[in-house]
1. What is the number of the single condition among (1) β-branched (Val, Ile, Thr); (2) in a loop (DSSP other than H, G, I, E, B); (3) modelled with pLDDT of 90 or more that ILE262 does not meet?
2. If you scan the stretch 324-344, which residues turn out to be β-branched (Val, Ile, Thr) and either surrounded by 15 or more Cβ atoms within 10 Å (Cβ to Cβ) or in a strand (DSSP E or B) (or both)?
3. Residues that are within 28 Å of MET217 (Cα to Cα) and either modelled with pLDDT of 95 or more or of a type in the set (D, E, K, R) (or both), at least 1 per element: which strands (runs of 3 or more DSSP E) completely within the stretch 1-118 meet that?
4. Tally up the residues in the stretch 100-111 that are in contact (Cβ under 8 Å) with a residue 24 or more places away in the chain and surrounded by 15 or more Cβ atoms within 10 Å (Cβ to Cβ), please.
5. Assess whether ILE168 counts as being more than 23 Å from the chain's Cα centre (by Cα), crowded, with 16+ Cβ neighbours inside 10 Å and under 26 Å from TYR87 (Cα atoms).
6. Quickly run through the stretch 115-139 and pick out the residues that are surrounded by 16 or more Cβ atoms within 10 Å (Cβ to Cβ) and of a type in the set (A, V, I, L, M, F, W, C).
Amino acid sequence: MKKHLRFLAIRAGAKGVALVGVVAFLYLCPACSRSSFRPPEREGPPALVQDEGQPRFWLLQKQEEQRSRHVGGGGSRSIGKWITEIYYHFDLQAHDPGTTDRLWKKRLLTVKDDAGGHTAQARILGQAGEVVWFFLNDGPAAFSSKDANKLADRKTIEERNPTLRELIPRDLDFYAYDDGLVIVAADGRPFRIRASDFAAEPYTPPNDDYFRQVQFMATRWNGGYHTKDFLVRQMMLNGHWSGFFNEKEAADASDDGFGDKIATGEPGSNPDRVYYETTQARRTFWSARIGKTKEFSEGTHDRLFDVTKIPGAPEFLEAGLLIQQGTKRPLRLHDPDGFLVLHRTRLDEEGRLALTRLDDNLKPKWTATLPFHDLRNRFESPGRLLLYGIVQQTVKGVTGSSEHLVALNLADGKMQSWNVPAEKRDE
């Protein structure tokens, strides 16, 4: 073959060199292959996993790969053809919540497209001790909270529980998480799987509504919080009521004849009843006198009087007071005492969310501009916040989105962030 190629080059000169390239391609290409990847996408809600008392941020992603290979072309007149096969990879990665640095990345599963890869699902369901439960494509799987080594799967559970053999569903809709993995077996019996030995025990939820909720959170909820879910507009500051409103909202708050617009925690109190300006609102701080409503059959209630703007207080765009995790109260900070305002930097696409720390005299200490438009989740640790959000950007007329992870130091506002689809630090 080599002698033949050299002979062609001598006979044809420069054209012969081109011909050599063609012949060489045909000769070598049966071994050609190439791969291309789409950006990874988050699969289900992220989770803050405890590893021997240390929190680790776990993120499960699904990524499409197209593998192309050249076949044929062995004959004198055939140049062969390219065949493309599609694979879907499920990768788990752990991040340091203090820095967003990726600690490790591990492939849990690969499913070929013609085996159902396009519709395959995976989710982190919950943690029980040193075991983290997943649904992975067609069944349950347990992984170590330390290094994500697999501890159990369908086969393990069936071996430990012969009565469940061939009864463990392949559909995510038959799973839930309630202080452990819950499986509704194919014969209709619900079981909870113990993490200690993967034995099944009968499971009875408190009521049907409760079970529907935990099942929805495990199977359908995709971490879909939004910025407003993390905000309130009232607090007690230096022993006095303070509201965070614009003019229309403050006027509505002062119309509190039934005492149901002040955040007291009493039955019937609902500060969300105060009018909420959904867009373009610029909010500042207001004070009010707390008095009593008229006498009702059940007695009197606290109510707001004389809602008045605080002179010199800062003003913020589309803002609210960031809540303490798991509550509807503002997150209180110390050294110095203060709180956080979450707001937008501007209205257009170039705008971003930002956090400003104020002391109890309403003086700004720092402002940190976040790399996203909408806050989807957040986690608290001493002196720090871990924030997860999404940004939409339009490039050459095409709108796309990306998700980012941010570690924020509450003392000085310094932050580090990770671009999830790009799999690298934000610059």
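1. Unmet condition: (3).
2. Answer for the stretch 324-344, where residues must be β-branched (Val, Ile, Thr) and either surrounded by 15 or more Cβ atoms within 10 Å (Cβ to Cβ) or in a strand (DSSP E or B) (or both): just VAL341.
3. 47-51, 54-71, 81-95, 102-112
4. 5
5. On the way: more than 23 Å from the chain's Cα centre (by Cα): yes; crowded, with 16+ Cβ neighbours inside 10 Å: yes; under 26 Å from TYR87 (Cα atoms): yes.
Criteria met by ILE168.
6. ALA120, ALA122, ILE124, LEU125, ALA128, VAL131, VAL132, TRP133, PHE134, PHE135, LEU136
The values are calculated or read from the model by the stated rules, or taken from the named source; none is laboratory data. This one's a predicted model, so the numbers in the text were calculated from it and none came from an experiment. Heads up, the Cβs are rebuilt from the backbone with ideal geometry, glycines too, and the neighbour counts pull from every protein chain shown.
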